[in-house]
Amino acid sequence: MAAASPSAPAASTNGGNGPPAPEASAAGAEPAPSDGSGAPQEGASPPRAPATVREYDPLDREQLGLDDLEWQSVVAFARSDQQDNTGNYRPVLGFDASGRKLRATNYVGILTTSRGRPIEILPKIDLASGASDAQTDEGTRRVFLEMLRTWRGLRHAELPPSTIRSLKRFPMLEAFVFLFLHNLAHLARHGLARRYVPVEDNLPYLRGRLLFREQLRENVTNRARFFVAHDEFNANRPANRLIRSTLSRLRRSVRNDANRQLLRELTDAFSGVPASTDPATDWRRHSVDRTMQHYKPVMAWVRLFLFGEGLATYRGTHENQSLLFPMEQIYEDFVTWCFRRYQSEYGVRAQQPRKPLTCSPKAFWMEPDITLEKNGVPKFILDAKWKRLKPKAEDGEKRGDEKRWIAQADMYQLYAYGKRYGCETVALVYPRTNDFKRRVQYVFDDDLKLLCLPFDVSKPGPSVECCIAALHRPEQPTNASSIAEPA
């Protein structure tokens, strides 16, 4: 994936100034530097701390602390044609039925206003009750970063668990910058990749091969100079130019003191490398060969910061910087990884095996999210859905909607999976919430069973065990209200 060509540089830019400015460190905010020296730009205001909201929450101008101009920039961004990298209309911010009130959707990350005020959108994860807002935000960031470790868009990046625990107090962007800079520091210690680059120059001494045509044109009256062609062994190669451009972009927005100090040091280490003048072309031309394996984690972060590749970057007409992650895809990859990590009874295949829905002609190919199989035979089909189910009415209360906000299309899809793959039980895996703690079961006319299973993303190991137990005994109730308290 690291060598794939991005479709375009990050389309939603904040005047070309790079990612949004995250929250200040404990030492306090500093003015944004105007150059690599760290000196504040004269008359520049310090970056502003991010306002934090949760996915699906309404956005209120006063609660976010935005002035009229900033709010209008957010509204204009929401009303513009927001498309993801595949061209699908998937807005980051949606409107209610009246078309006036803004609401976050299921993308998480950072979005900035026209004046650089960052809005941090966190995933809606139900953690332990009784925690303060700050503790809840820290816990949510920690769980989200743990989930992000398994996401296909950052498969070459390094997110060690010990580092994630120490980064839970960081705003998301600062956490990503921290990981990128420390990977880059490791790269710098091992040395920058170099290669021989052909150079033509008019020198006061003879070096390499004399170019007679250029010599006659440039130096016919100056015998003290030589127009020559020679090879130089230097670090001016596409990967290093892309890294240099990424450092320049981040320099304008990093707030954390430690990050800013390391950013200045690494900028000095790359001072002999020019910034890329054509990042898209350099990305297509760069390669990570066997002598550059230490570049893999760094280039994964370059792909994120410089191009927004793999993220929900948008081609809206309004200039807002977005660094946003699709929670549906992250959740799907996380659940798949957890079933591989925390159980060994079944083999786990992602998006496989592919089978056509119709046999003649073979068409409408199906690719289940997760297949649990034994000896190559599918036993259970699972589909991970990042949705919140409606609470069910308790005994004695008015009977609620039996659909519980489950999409009818999802039921059709799982029924088709069960019949085509010959499974007796299929399952939709939803995130555990305070309203969805116990599994829900539906039975079709031909005894095919469909389970809706709660998955606690903060306790993945016990969640996998609970899911496997429910699949083995679908007729028995399974209690997931507290993973440690099976029924």
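Six or more apart or on different chains, Cβ under 8 Å: which pairs go from a residue in region 193-215 that's within 22 Å of HIS286 (Cα to Cα) to one that's in a strand (DSSP E or B) and modelled with pLDDT of 85 or more? Could you list them?
That search, which allows pairs on different chains as well, returns PRO198/ALA229; VAL199/ALA229.
Against the condition at negative phi and either surrounded by 15 or more Cβ atoms within 10 Å (Cβ to Cβ) or outside any helix (DSSP H, G or I) (or both), how does LEU216 come out, does it pass? Don't jump to the end; show me each part of the working.
Numbers: at negative phi: yes; either surrounded by 15 or more Cβ atoms within 10 Å (Cβ to Cβ) or outside any helix (DSSP H, G or I) (or both): no.
Criteria not met by LEU216.
Could you check region 359-423 for strands (runs of 3 or more DSSP E) lying wholly inside it with 3 or more residues that are within 19 Å of LEU450 (Cβ to Cβ) and modelled with pLDDT of 90 or more? Can you show your working first?
Values: elements: 362-366, 370-374, 377-384.
Result: 370-374, 377-384.
Quick check on region 94-109. Is at least one of its residues crowded, with 17+ Cβ neighbours inside 10 Å and at pLDDT below 75?
For region 94-109, residues crowded, with 17+ Cβ neighbours inside 10 Å and at pLDDT below 75: absent.
Restricting attention to region 302-324, which residues are closer than 18 Å to GLU55 by Cβ and at pLDDT 50 or above? Write out each step before concluding.
So in region 302-324, the residues closer than 18 Å to GLU55 by Cβ come out as 311-314, 320, 322-324.
Residues satisfying the conditions are SER322, LEU323, LEU324.
Quick one: which residue in ARG141, ARG152, ARG117 is under 20 Å from PHE305 (Cβ atoms), touching a helix residue (DSSP H, G or I) at 6+ places or on another chain (Cβ under 7 Å) and either at pLDDT 85 or above or surrounded by fewer than 16 Cβ atoms within 10 Å (Cβ to Cβ) (or both)? Lay out the reasoning, then the answer.
Numbers: ARG141 fails: either at pLDDT 85 or above or surrounded by fewer than 16 Cβ atoms within 10 Å (Cβ to Cβ) (or both); ARG117 fails: either at pLDDT 85 or above or surrounded by fewer than 16 Cβ atoms within 10 Å (Cβ to Cβ) (or both).
Of the residues listed, the single one that is under 20 Å from PHE305 (Cβ atoms), touching a helix residue (DSSP H, G or I) at 6+ places or on another chain (Cβ under 7 Å) and either at pLDDT 85 or above or surrounded by fewer than 16 Cβ atoms within 10 Å (Cβ to Cβ) (or both) is ARG152.
Going residue by residue through region 220-227, is there one that turns out to be touching a strand residue (DSSP E or B) at 6+ places or on another chain (Cβ under 8 Å) and either in contact (Cβ under 8 Å) with a residue 24 or more places away in the chain or in the same structural domain as THR267 (by TED's automatic domain parsing) (or both)?
Initially, region 220-227 is screened for residues touching a strand residue (DSSP E or B) at 6+ places or on another chain (Cβ under 8 Å), giving 225-227.
Cutting the leftovers down to either in contact (Cβ under 8 Å) with a residue 24 or more places away in the chain or in the same structural domain as THR267 (by TED's automatic domain parsing) (or both) gives us 226-227.
Yes, region 220-227 contains a residue that is touching a strand residue (DSSP E or B) at 6+ places or on another chain (Cβ under 8 Å) and either in contact (Cβ under 8 Å) with a residue 24 or more places away in the chain or in the same structural domain as THR267 (by TED's automatic domain parsing) (or both).
When MET299 is evaluated against the numbered criteria (1) closer than 22 Å to HIS182 by Cβ; (2) modelled with pLDDT under 85; (3) surrounded by 22 or more Cβ atoms within 10 Å (Cβ to Cβ), which criterion, by number, is the only one it fails?
Of everything listed in (1) closer than 22 Å to HIS182 by Cβ; (2) modelled with pLDDT under 85; (3) surrounded by 22 or more Cβ atoms within 10 Å (Cβ to Cβ), MET299 misses just condition (2).
For region 428-477, which positions are farther than 16 Å from ALA407 by Cα, among the hydroxyl-bearing types (Ser, Thr, Tyr) and either over 31 Å from the mean Cα position of the chain (by Cα) or assigned to a helix (DSSP H, G or I) (or both)?
Listed by number, the list holds a single entry, SER463.
For ALA188, are the conditions met, namely being in a helix (DSSP H, G or I) and of a type in the set (Gly, Ala, Ser)? Before the answer, list the steps.
Numbers: in a helix (DSSP H, G or I): yes; of a type in the set (Gly, Ala, Ser): yes.
Yes; evaluated as a whole, the condition is true for this residue.
With respect to the numbered conditions (1) modelled with pLDDT under 85; (2) among the β-branched types (Val, Ile, Thr); (3) closer than 18 Å to TRP337 by Cβ, which one is the sole condition not fulfilled by ILE468?
That leaves (1) as the condition not met.
If only one of ALA280, ALA275, ALA258, ALA269 is in the same structural domain as HIS182 (by TED's automatic domain parsing), without any contact (Cβ under 8 Å) to a residue 40 or more places away in the chain and small (Gly, Ala, Ser), which one is it? Let's see the steps before the verdict.
Numbers: ALA280 fails: without any contact (Cβ under 8 Å) to a residue 40 or more places away in the chain; ALA258 fails: without any contact (Cβ under 8 Å) to a residue 40 or more places away in the chain; ALA269 fails: without any contact (Cβ under 8 Å) to a residue 40 or more places away in the chain.
Only one candidate qualifies: ALA275.
Give region 350-361 a look and list any residue that's surrounded by fewer than 16 Cβ atoms within 10 Å (Cβ to Cβ) and among the charged types (D, E, K, R), or say none. Give the derivation first.
Initially, region 350-361 is screened for residues surrounded by fewer than 16 Cβ atoms within 10 Å (Cβ to Cβ), giving 351-354, 356-361.
ARG354 - this is the single residue of region 350-361 that is surrounded by fewer than 16 Cβ atoms within 10 Å (Cβ to Cβ) and among the charged types (D, E, K, R).
Quick grid of which residues meet (1) surrounded by 20 or more Cβ atoms within 10 Å (Cβ to Cβ); (2) out of contact with any strand residue (DSSP E or B) (no Cβ under 8 Å at 6 or more places or on another chain):
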{"position": "ARG341", "(1), (2)": "no, yes"}
{"position": "VAL348", "(1), (2)": "no, no"}
{"position": "ALA363", "(1), (2)": "no, no"}
{"position": "PRO368", "(1), (2)": "yes, no"}
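The values are calculated or read from the model by the stated rules, or taken from the named source; none is laboratory data. The structure displayed is predicted, hence computed values, not measured ones. As a convention, Cβ positions derive from the backbone with ideal geometry for all residues, glycine included, and neighbour counts pool all protein chains shown.
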